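Student: Following this message is one structure expressed as structure tokens.
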């Protein structure tokens, strides 16, 4: 009888031990599964906006606009095409060049910007950038550039460039790449980023071959706003060689925003509406 009682006690203890071990294993497995489960990330959906024309100005219809920016209250423009490329200071009321540099036929000029006392003008496939003194406009040099030149802007601390892909490149004043960023619209990479402008902490970009501007978060690469500019240049101002929207200039002195396009007859002061 005593032996049977001892056997019963041993069997009871064994069952409790197995049960406890099983419980610990299940809990640990559940905890492991919970730890590894990826957190749900809500997709970023860009706000859709339009523009409203405030005022219009003449624009040289022979300017294949590549870069457009203000520096110390003056408007500057770089223009492309082989045999037509130039960099100029533009008189806003008349659209005429107050100062102009023409490039040799082998160069196709691209985006431009002022940064740290210099003006930079990119080239498309020549892999060089022309650099000028921002005050005198005298040449500083022709520097090597590591990729195709498209758009160019600055946040005041670094240069920011596009190359026609979905990536933006952040560079120092010697054109050394510090980091790159993939731009996404509604979760998908957005290619053909072209002319750039930095406005109030955000990067604005033309999207080549479209009437669309995008406003980009420079930390995440997410497009926060899509600005529909369709119909900005009316049909009666278009000719056979009139090309696409390209050119964003923001004047920090008064907060005014200007848009134009390649071979356009007008440059527009605009406001963005929701």
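The values are calculated or read from the model by the stated rules, or taken from the named source; none is laboratory data. All values derive from a computational prediction rather than experimental measurement. In this analysis, Cβ positions are derived from the backbone assuming ideal geometry, glycine residues included, and neighbour counts consider all displayed protein chains.
Student: Go through region 115-124 and report how many residues are surrounded by fewer than 19 Cβ atoms within 10 Å (Cβ to Cβ) and either assigned to a strand (DSSP E or B) or free of Cβ contacts under 8 Å to residues at least 24 places away in the same chain (or both).
Tutor: Count: 2.
Student: Okay, moving on. From the residues in region 75-95 that are under 23 Å from the mean Cα position of the chain (by Cα) and outside any loop (DSSP other than H, G, I, E, B), which one is surrounded by the fewest Cβ atoms within 10 Å (Cβ to Cβ)?
Tutor: 75
Student: Taking residue 233 as the residue in question, decide whether it is touching a strand residue (DSSP E or B) at 6+ places or on another chain (Cβ under 7 Å), over 19 Å from residue 202 (Cβ atoms) and either at pLDDT 95 or above or part of a strand (DSSP E or B) (or both).
Tutor: yes
Student: Also, I was wondering about something else. Restricting region 236-259 to residues that are more than 27 Å from residue 45 (Cα to Cα) and not in a loop (DSSP other than H, G, I, E, B), which is farthest from the chain's Cα centre (by Cα)?
Tutor: 236
Student: Kindly indicate whether residue 182 is buried (at least 21 other Cβ atoms within 10 Å of the Cβ) and in contact with a strand residue (DSSP E or B) (Cβ under 7 Å, 6 or more places away or on another chain).
Tutor: Against the criterion (buried (at least 21 other Cβ atoms within 10 Å of the Cβ) and in contact with a strand residue (DSSP E or B) (Cβ under 7 Å, 6 or more places away or on another chain)), residue 182 does not qualify.
Student: Can you tell me which residue among 70, 87 is in contact with a strand residue (DSSP E or B) (Cβ under 6 Å, 6 or more places away or on another chain) and within 19 Å of residue 204 (Cβ to Cβ)?
Tutor: Exactly one of 70, 87 is in contact with a strand residue (DSSP E or B) (Cβ under 6 Å, 6 or more places away or on another chain) and within 19 Å of residue 204 (Cβ to Cβ), namely 70.
Student: Please verify whether residue 250 is surrounded by 17 or more Cβ atoms within 10 Å (Cβ to Cβ), over 23 Å from residue 158 (Cα atoms) and touching a strand residue (DSSP E or B) at 6+ places or on another chain (Cβ under 8 Å), treating the condition exactly as stated.
Tutor: Judged against the criteria, residue 250 is not a match.
Student: Before we move on, is residue 162 touching a residue at least 40 places away in the same chain (Cβ under 8 Å) and within 23 Å of residue 244 (Cα to Cα)?
Tutor: It is true that residue 162 is touching a residue at least 40 places away in the same chain (Cβ under 8 Å) and within 23 Å of residue 244 (Cα to Cα).
Student: Return the residues of region 60-74 that are touching a residue at least 40 places away in the same chain (Cβ under 8 Å) and either within 20 Å of the chain's Cα centre (by Cα) or part of a strand (DSSP E or B) (or both); say none if nothing qualifies.
Tutor: Selection gives 65, 66, 67, 68, 69, 70, 71.
Student: Of everything in region 230-247 that's in contact (Cβ under 8 Å) with a residue 40 or more places away in the chain and within 18 Å of residue 69 (Cβ to Cβ), which residue is surrounded by the most Cβ atoms within 10 Å (Cβ to Cβ)?
Tutor: The selected residue is 247.
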